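Only one structure is covered here, and it is reproduced in the block below.
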Amino acid sequence: MFKSLLIANRGEIAVRIMRTARRLGLRTIAVYSDADAGAYHVREADDAVHIGAAAAKESYLVIERIIEAAKRSGAEAIHPGYGFLSENVAFAEACEKAGLVFVGPPASAIRAMGLKDAAKALMEKAGVPVVPGYHGEMQDARFLEGEAQKIGYPVLIKAVAGGGGKGMRRVDDPKVFEAELKAAQREAGSAFGDERVLVEKYVARPRHIEIQVFADAHGNAVYLHERDCSLQRRHQKVIEEAPAPGMPEAMRRAMGEAAVAAAKAIGYRGAGTVEFIADASKGLSADAFWFMEMNTRLQVEHPVTEAITGTDLVEWQLRVAAGEALPLAQGDIPLNGHAVEVRLYAEDPANNFFPSTGRLTRMRLPGDAAIRADMGVEEGDDVSLFYDPMIGKIIAHGETREAALSRLRRFLRSAEVAGPKTNLAFLAAVAGHDAFLKADIDTGFIDRHLAALLPAPKLDALTLGAALVGHLADRARKTEAAQRATRDPYSPWAASDGWVLGGGRRQVLTFTLDGEALAIPVRMQGGAVRFVHEGGEHVASGTLGPDGGIVATVDSVRMKAAFVPAARGFALIREGVVRDFIVPDPLDVDLVHEGEVGALKSPMPGKIVAVLTGAGAAVKKGAALVVMEAMKMEQTLAAPADGVVEAVNVAAGDQVEAGAALVTFEGGD
Ligand code: ADP
């Protein structure tokens, strides 16, 4: 075995790889960009090498910089993780040329699976079932339309160089085939620099089931069972599990053997995943699955396989890369219980899952030995706008699917994550949805049930009571601190609050919550606060601990919650749901509106796609003004208030910084 390993990646996967490398006694070397100088993966590594600017294409994607970093730090091997350079043929070759061990397959195997059309043709030859369709050279619209007719609608148009669901279009109606084809080609051209597409049958009730394969340099190849990744949004995985619910043993064997045949056909070595699509309209069966593509690297969702097989796949990768034989033969690979993984993202489900960035002001995860949390950040770290906004992964294992899911639900409900918006409550809703519990799943599940899965915005009296306990105790604490500092009993601070000092005073507390103004009449009585919510009177009391933990009793229900101070108020976390209370500052009445009415500002750096307004236009609050692309997604920015446009400061194609005033309004500042 080599003695040192450079990890050419960041975030949770870099940290996870280091954990195994350390256990095997290897020296770990991180690489980092300007934005990641203090990042978790850098703190975890023995050594770290700076490789360039924040943008990935100036750091994590620059082959020469990584090779140079390996040489400078004396690394013997490189693990690419997933994403970035993990499936880059030139990178695998560069490692080899530099005399570095590449922890991955031979460059030729990456190349063979790089394009979807060539991979399908190769698999067909190897006897692996592929989705019926056309994957040849012809790209003429008329011709492809004819092929679609032959396949039968609905069909799926896919970019041959595709990935991440880009350049993919489902077509149900021949009349729109040509328009959808054009759109797919345009998207493919801009995302991959390759406009070519293939057309295939859109499988009914599709389930995404993939097989983990492993091969060594001694001619051994095995499969470590399947993962079901049917819970997706925009063709991107959200929840993965192993084994696949309802999987017949004969189908598992047929898929496993097909996957091993695929790996052997390309001289594979190391960890790989063969992705299949299955038609679940009549339940899973051994004659209704087809090859989609092979990922020639470690997958994000590999931990569910580790959980049910009791293996460490990164250890296997390192051993195979060092020339050792596979640790287990096919017949010795266990399948114990059931595992489910959720991907925790910094994103806002209520705002079309738009990425959310910023400092994690709180991240406390409950301790549970049956839960594995692979995190890419810790409390106090920033979720950077430069990279994928995944915070980490949570993996629950149990004897049965039901046991794993109920553990997962409990964990998600007790987790406290604040700062950027996250999909935590959304994940908990999926993990508790009846149809999901019954394993009534396919790739359309999330879209179909979206309304039921988005967190309920309604504020209940229990949550409000806990928020008042936290807010008032926090104010009292600040008041006392200020008094101690000034030693002046007549300081204006002394009169600002009745929580500790006096009783019986009535006041109305005002907050803004999800853009709505809240006015809560409150009255202090003894150690409790009486408050009115939706016409009813309630009573809350409790304490706020120094670490932000609230123990509150509201209307005789005792509960726990967390209070997280923020720049303009606080966040209240209860049962995995975060609510951001904005507290107006009496000394700075305009703070809440500053910058929101005078101008439409860019929420993050990005590129302007389209401008939909012009100087002099009268606009209504909520009207779409500018479309921008940021963090790989398009977002429409709307007018913050009724007004008249004074000036538009950007044009399509412009690159803008966060906070840039894109459109200014008359009478604004
Ligand atoms: P990408 O490489 O862009 O991620 P994939 O080929 O892996 O594209 O497909 C992504 C997802 O799209 C699959 O997980 C599945 O949900 C859906 N999909 C792909 N091919 C088909 C098909 N023929 N029928 C139905 N759904 C499909």
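The values are calculated or read from the model by the stated rules, or taken from the named source; none is laboratory data. Please read all numbers here as calculations on a predicted model, not as lab measurements. Ideal geometry is used to build each Cβ from the backbone, glycine not excepted, and the neighbour counts take in all protein chains shown. Protein only, heavy atoms only, side chains kept; ligands, DNA and RNA dropped before computing areas. Shrake-Rupley method; radii C 1.70, N 1.55, O 1.52, S 1.80 Å.
Report whether or not Ala552 is under 30 Å from the mean Cα position of the chain (by Cα) and on the phi < 0 side of the Ramachandran plot. The answer is no for Ala552.
Does Val171 satisfy the condition of being buried (at least 21 other Cβ atoms within 10 Å of the Cβ) and touching a Gly at 6+ places or on another chain (Cβ under 9 Å)? No, not satisfied.
Just a yes or no: is a residue in the stretch 89-101 in the same structural domain as Ile13 (by TED's automatic domain parsing) and among the aromatic types (Phe, Trp, Tyr)? Yes, the stretch 89-101 contains at least one residue that is in the same structural domain as Ile13 (by TED's automatic domain parsing) and among the aromatic types (Phe, Trp, Tyr). The residue list Glu178, Glu187, Glu145 contains one member that is within 12 Å of the ligand (Cβ to nearest atom), part of a helix (DSSP H, G or I) and open to solvent by 50 Å² or more (accessible area, probe 1.4 Å), which is Glu187. Before we move on, is Trp290 aromatic (Phe, Trp, Tyr), surrounded by fewer than 24 Cβ atoms within 10 Å (Cβ to Cβ), farther than 26 Å from Arg169 by Cα and in the same structural domain as Arg448 (by TED's automatic domain parsing)? It is false that Trp290 is aromatic (Phe, Trp, Tyr), surrounded by fewer than 24 Cβ atoms within 10 Å (Cβ to Cβ), farther than 26 Å from Arg169 by Cα and in the same structural domain as Arg448 (by TED's automatic domain parsing).
Tell me, yes or no, whether the stretch 317-328 has at least one residue that is over 19 Å from Glu241 (Cα atoms), within 16 Å of the ligand (Cβ to nearest atom), touching a helix residue (DSSP H, G or I) at 6+ places or on another chain (Cβ under 9 Å) and assigned by TED's automatic domain parsing to the domain that holds Asp216.
We begin by selecting, within the stretch 317-328, every residue over 19 Å from Glu241 (Cα atoms); these are 317-328.
Then drop every residue that is not within 16 Å of the ligand (Cβ to nearest atom), which leaves none.
Checked against the condition, which is being over 19 Å from Glu241 (Cα atoms), within 16 Å of the ligand (Cβ to nearest atom), touching a helix residue (DSSP H, G or I) at 6+ places or on another chain (Cβ under 9 Å) and assigned by TED's automatic domain parsing to the domain that holds Asp216, the stretch 317-328 yields no hits at all.
Of the helices (runs of 4 or more DSSP H) lying entirely inside the stretch 397-476, those containing at least 1 residues that are open to solvent by less than 60 Å² (accessible area, probe 1.4 Å), in the same structural domain as Phe276 (by TED's automatic domain parsing) and among the basic types (Lys, Arg) span 401-414. Taken as a whole, the structure leaves Val383 outside the set of residues that are in contact with a helix residue (DSSP H, G or I) (Cβ under 6 Å, 6 or more places away or on another chain), surrounded by 20 or more Cβ atoms within 10 Å (Cβ to Cβ) and among the β-branched types (Val, Ile, Thr).
Pairs meeting the criteria (first residue in the stretch 220-237 and hydrophobic (A, V, I, L, M, F, W, C), second residue within 13 Å of the ligand (Cβ to nearest atom) and assigned to a strand (DSSP E or B), beta carbons under 7 Å, at least 6 apart or on different chains) are Cys229/His208; Cys229/Glu210; Cys229/Lys237; Cys229/Glu240; Leu231/Val238; Leu231/Ile239. Among the residues of the stretch 109-136, those identified as away from the ligand (no atom under 14 Å from the Cβ), more than 31 Å from the chain's Cα centre (by Cα) and outside any loop (DSSP other than H, G, I, E, B) are Ala121, Leu122, Glu124, Lys125. Screening Glu93 on (1) within 16 Å of the ligand (Cβ to nearest atom); (2) at pLDDT 95 or above shows it passes everything except condition (1).
Candidates Thr273, Thr296, Thr311: the one that is among the hydroxyl-bearing types (Ser, Thr, Tyr), touching a helix residue (DSSP H, G or I) at 6+ places or on another chain (Cβ under 7 Å) and either touching a residue at least 12 places away in the same chain (Cβ under 8 Å) or in the same structural domain as Arg27 (by TED's automatic domain parsing) (or both) is Thr296. Before we move on, is Leu335 open to solvent by less than 40 Å² (accessible area, probe 1.4 Å) and assigned by TED's automatic domain parsing to the domain that holds Asp228? Judged against the criteria, Leu335 is not a match. Residues in the stretch 19-53 that are out of contact with any Asp or Glu (no Cβ under 6 Å at 6 or more places or on another chain), over 18 Å from Gly392 (Cα atoms) and open to solvent by 50 Å² or more (accessible area, probe 1.4 Å): Arg22, Arg23, Gly25, Asp34, Ala37, Asp46, Asp47, His50.
With respect to (1) over 15 Å from the mean Cα position of the chain (by Cα); (2) surrounded by fewer than 17 Cβ atoms within 10 Å (Cβ to Cβ), the lone exception for Asn352 is condition (1).
Here is a check on your reading of the model: is Lys166 open to solvent by 10 Å² or more (accessible area, probe 1.4 Å) and within 15 Å of the ligand (Cβ to nearest atom)? For Lys166, the condition - open to solvent by 10 Å² or more (accessible area, probe 1.4 Å) and within 15 Å of the ligand (Cβ to nearest atom) - is met.
Identify, please: which residue in the stretch 197-216 is within 14 Å of the ligand (Cβ to nearest atom) and in a loop (DSSP other than H, G, I, E, B) and is, among those, least open to solvent (accessible area, probe 1.4 Å)? Checked the stretch 197-216; the qualifying residue least open to solvent (accessible area, probe 1.4 Å) is Val203.
Here the stretch 148-159 is the region considered, the condition is being under 13 Å from Glu178 (Cα atoms) and either assigned to a helix (DSSP H, G or I) or open to solvent by 30 Å² or more (accessible area, probe 1.4 Å) (or both), and the residue that is farthest from the ligand (Cβ to nearest atom) is Gln149. Listed by position, the strands (runs of 3 or more DSSP E) contained in the stretch 622-669 that have at least 3 residues being at pLDDT 80 or above and surrounded by 18 or more Cβ atoms within 10 Å (Cβ to Cβ) are 624-630, 643-648, 661-665.
Among the residues of the stretch 248-280, the ones that are among the charged types (D, E, K, R) and within 16 Å of the ligand (Cβ to nearest atom) come to 2 in all. Residues that are within 10 Å of the ligand (Cβ to nearest atom) and not small (Gly, Ala, Ser): does the stretch 283-290 have at least one? Yes, the stretch 283-290 contains at least one residue that is within 10 Å of the ligand (Cβ to nearest atom) and not small (Gly, Ala, Ser). Check whether at least one residue in the stretch 354-366 is assigned to a loop (DSSP other than H, G, I, E, B) and more than 30 Å from Ala561 (Cα to Cα), and report yes or no. Looking for residues that are assigned to a loop (DSSP other than H, G, I, E, B) and more than 30 Å from Ala561 (Cα to Cα), one finds none in the stretch 354-366, hence no.
Looking only at residues in the stretch 217-236 that are open to solvent by 10 Å² or more (accessible area, probe 1.4 Å) and away from the ligand (no atom under 16 Å from the Cβ), the one that is nearest to Val304 (Cα to Cα) is His225. Checking Ala373 against (1) over 30 Å from Gly127 (Cβ atoms); (2) open to solvent by less than 30 Å² (accessible area, probe 1.4 Å); (3) at pLDDT 95 or above, which test does it fail? Unmet for Ala373, out of (1) over 30 Å from Gly127 (Cβ atoms); (2) open to solvent by less than 30 Å² (accessible area, probe 1.4 Å); (3) at pLDDT 95 or above: (2).
Considering (1) in contact with a helix residue (DSSP H, G or I) (Cβ under 9 Å, 6 or more places away or on another chain); (2) assigned to a loop (DSSP other than H, G, I, E, B), the lone condition that Gly165 does not fulfil carries the number (1).
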